[in-house]
Amino acid sequence: MKNINIKNYIKLFSNLTPEKIKFFDDLIDENIIFIDPFNNIKGSNEFKKIFYHMFKSVKDPKFLIIDYLVGKNIVFLKWKMSFNAFNSSQQIEGVSELRINEEGKIYSHIDYWDSLNGLFIKLPFIGIIYRLSLKMFKVN
């Protein structure tokens, strides 16, 4: 595996802007698979659309890569995303599983994060119902 691609991928995510999304082309396979709690797509153009949409949907999204672990053909990234939405600053923490092909390009990117606690609990109506349901099941 070419570690330089992983370092460039991490650097790109850490400094991502709408203008830099095109640089994913050098690092990902054209048939990349991306899965997160809201998306399950295939293809580099669809992959990039997710990030263009992110910049349109929330203000000032930023990724902080906290740590990463490199295996033979797999990389795990621990990250924190911060952004402004719902009239306040938000943070989501998660892990990404990256699969690397023989050319050193990423052909699979799967994000694992808790969409209920990371996002839905902050929505005005849904969040109230969710917080009330948590109280029913929480041990005192």
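The values are calculated or read from the model by the stated rules, or taken from the named source; none is laboratory data. Because the structure is predicted, anything quoted here is derived from the model rather than measured. Reconstructed Cβ throughout: ideal geometry from the backbone, glycine too, with neighbour counts over all protein chains shown.
Each residue in the stretch 34-65 was checked for being β-branched (V, I, T) and within 13 Å of the chain's Cα centre (by Cα), and 3 pass.
Residue by residue, here is whether (1) of a type in the set (A, V, I, L, M); (2) in contact with a strand residue (DSSP E or B) (Cβ under 7 Å, 6 or more places away or on another chain); (3) within 18 Å of P18 (Cβ to Cβ); (4) at pLDDT 90 or above holds:
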position	(1), (2), (3), (4)
E46	no, no, yes, yes
K62	no, yes, yes, yes
E102	no, no, no, yes
D111	no, yes, no, yes
S115	no, no, no, no
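For the stretch 97-104, the condition holds for no residue, the condition being that it is within 25 Å of D114 (Cβ to Cβ), in contact with a helix residue (DSSP H, G or I) (Cβ under 9 Å, 6 or more places away or on another chain), in a strand (DSSP E or B) and not aliphatic (A, V, I, L, M). How do the pairs read when you match residues in the stretch 69-98 that are under 19 Å from T17 (Cβ atoms) with residues anywhere that are loosely packed, with under 14 Cβ neighbours inside 10 Å and among the β-branched types (V, I, T), using Cβ under 7 Å and keeping only pairs 6 or more apart or on different chains? Close Cβ pairs (under 7 Å, with a partner that is loosely packed, with under 14 Cβ neighbours inside 10 Å and among the β-branched types (V, I, T)) amount to W79/I66; K80/I66. For the stretch 25-60, a residue qualifies if it is within 21 Å of F76 (Cβ to Cβ) and part of a strand (DSSP E or B), and the qualifying residues are I28, D29, I32, I33, F34, I35, N40, I41. Screening L12 on (1) surrounded by 15 or more Cβ atoms within 10 Å (Cβ to Cβ); (2) touching a Ser or Thr at 6+ places or on another chain (Cβ under 7 Å); (3) without any contact (Cβ under 8 Å) to a residue 60 or more places away in the chain shows it passes everything except condition (2).
Screening I6, I92, I28 for residues that are surrounded by 14 or more Cβ atoms within 10 Å (Cβ to Cβ) and modelled with pLDDT of 95 or more leaves exactly one candidate, I28.
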